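What follows is one structure encoded as structure tokens, with my remarks underneath.
The values are calculated or read from the model by the stated rules, or taken from the named source; none is laboratory data. Just so you know, these numbers come straight off a predicted model, no measurement behind them. Backbone-built Cβ (ideal geometry, glycine too); neighbour counts: all protein chains shown.
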Amino acid sequence: MKHAIRQALCLLTVLALLAGAAACTPGPEPSAGSGGTAGNAPAIPDGAGGGQENTGGGEPGGTVLVAYFSATGNTRRVAQRLAAVTGGDLYEIQPAEPYTEADLDYGNPQSRSSLEMNDPDARPAIGSPLPALQGYTTVYLGYPIWHGQAPRILCTFVENCALEGVTVIPFCTSGGSGIGNSAGLLEELAGGGRWLPGRHFAQDVTDAALLEWVGSLA
């Protein structure tokens, strides 16, 4: 009897030691962007990103492209959320010469942005290859409003992209101005594509609001 009790106690001791070792073994660390945080790496915000990033000249990952220009990040945030809800690819219209804070001083008539917007023929160079649009059926075109219009680099973009056979849907961000006739002027310069009415969004637009807009376009 005593021998059986001693064996049972030994078995319980072994099981307790094994359980303690398992509890002390560290699990896998969450990777950055996995929904948790690893170290100081921030989690990817909900809705950031959609399909693949189109860096120009490559094959499309789907039929929807979200092309945008963003000097301060406001339009970029909306474009990322729009790509997320549509499953579209992202293409950033990057200027060959990035805009500085001084360039964006709209109150200074001699700032770069003011000089460009006061010159209808200004065509700032794009610093990355233009996207290959073969395979895309829809292009969402995003931009901020400068002096009541789309920045002149959008003129560069639409004049050099073959938009024939593509549905183009403009959207803009602005602290106060709506989209106005900015999209109509871009359509004239493009000379091709099926252009739908554009819309203004705040930078903190929700996925639900974007989905409702996208659904209304069908």
Practice problem: Report, by residue number, each residue of the stretch 90-117 that is free of Cβ contacts under 8 Å to residues at least 40 places away in the same chain and under 10 Å from the mean Cα position of the chain (by Cα). | Solution: Glu92
Exercise. Kindly list the number of the only condition in (1) touching a helix residue (DSSP H, G or I) at 6+ places or on another chain (Cβ under 7 Å); (2) surrounded by fewer than 16 Cβ atoms within 10 Å (Cβ to Cβ) that fails for Leu163.
Key: (2)
Quiz item: If the Cβ limit is 9 Å and pairs must be 6+ apart or interchain, which residue in the stretch 170-190 that is without any contact (Cβ under 8 Å) to a residue 24 or more places away in the chain pairs with which residue that is surrounded by fewer than 20 Cβ atoms within 10 Å (Cβ to Cβ) and in a helix (DSSP H, G or I)?
Solution: Gly175/Asn74
Quiz item: Any chance the stretch 50-64 includes a residue that's out of contact with any Ser or Thr (no Cβ under 6 Å at 6 or more places or on another chain), in a strand (DSSP E or B) and either at pLDDT below 95 or under 22 Å from Tyr140 (Cα atoms) (or both)?
Solution: yes
Quiz item: Can you pull out the residues in the stretch 112-138 that are among the acidic types (Asp, Glu) and either outside any helix (DSSP H, G or I) or loosely packed, with under 15 Cβ neighbours inside 10 Å (or both)?
Solution: Asp119, Asp121
Exercise. Say whether the condition of being over 19 Å from the mean Cα position of the chain (by Cα) and at positive phi is met by at least one residue in the stretch 121-131.
Key: no
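Got at least one residue in the stretch 96-111 being touching a strand residue (DSSP E or B) at 6+ places or on another chain (Cβ under 8 Å), buried (at least 17 other Cβ atoms within 10 Å of the Cβ), within 30 Å of Leu210 (Cβ to Cβ) and in the same structural domain as Ala202 (by TED's automatic domain parsing)?
no
Conditions (1) touching a residue at least 40 places away in the same chain (Cβ under 8 Å); (2) of a type outside the set (Lys, Arg); (3) farther than 19 Å from Tyr99 by Cα; (4) out of contact with any Asp or Glu (no Cβ under 6 Å at 6 or more places or on another chain), marked per residue:
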{"site": "Ala125", "(1), (2), (3), (4)": "no, yes, no, yes"}
{"site": "Tyr136", "(1), (2), (3), (4)": "yes, yes, yes, yes"}
{"site": "Pro151", "(1), (2), (3), (4)": "yes, yes, no, yes"}
{"site": "Leu163", "(1), (2), (3), (4)": "no, yes, yes, yes"}
Quiz prompt | Top-ranked residue of the stretch 196-218 - restricted to ones that are among the acidic types (Asp, Glu) and outside any loop (DSSP other than H, G, I, E, B), ranked as nearest to the chain's Cα centre (by Cα) | solution = Asp207
Exercise. Could you grab me the full set of residues in the stretch 66-88 that are of a type in the set (Ser, Thr, Tyr) and either outside the structural domain of Leu104 (by TED's automatic domain parsing) or closer than 20 Å to Ile126 by Cα (or both)?
Key: Tyr68, Ser70, Thr72, Thr75
Practice problem: Look at Leu141 and say whether it is at pLDDT 95 or above, part of a strand (DSSP E or B) and crowded, with 18+ Cβ neighbours inside 10 Å. | Solution: yes
Exercise. Output yes when any residue across the stretch 123-137 is at pLDDT 95 or above, touching a Gly at 6+ places or on another chain (Cβ under 7 Å) and among the hydrophobic types (A, V, I, L, M, F, W, C), and no when none is.
Key: yes
Exercise. Being assigned to a loop (DSSP other than H, G, I, E, B) and surrounded by 15 or more Cβ atoms within 10 Å (Cβ to Cβ) is the filter; apply it to the stretch 166-195 and report the residue that is modelled with the lowest pLDDT.
Key: Ser177
Quiz item: Hey, any hits in the stretch 102-111 for a residue that's assigned to a loop (DSSP other than H, G, I, E, B) and closer than 20 Å to Ser182 by Cα?
Solution: yes
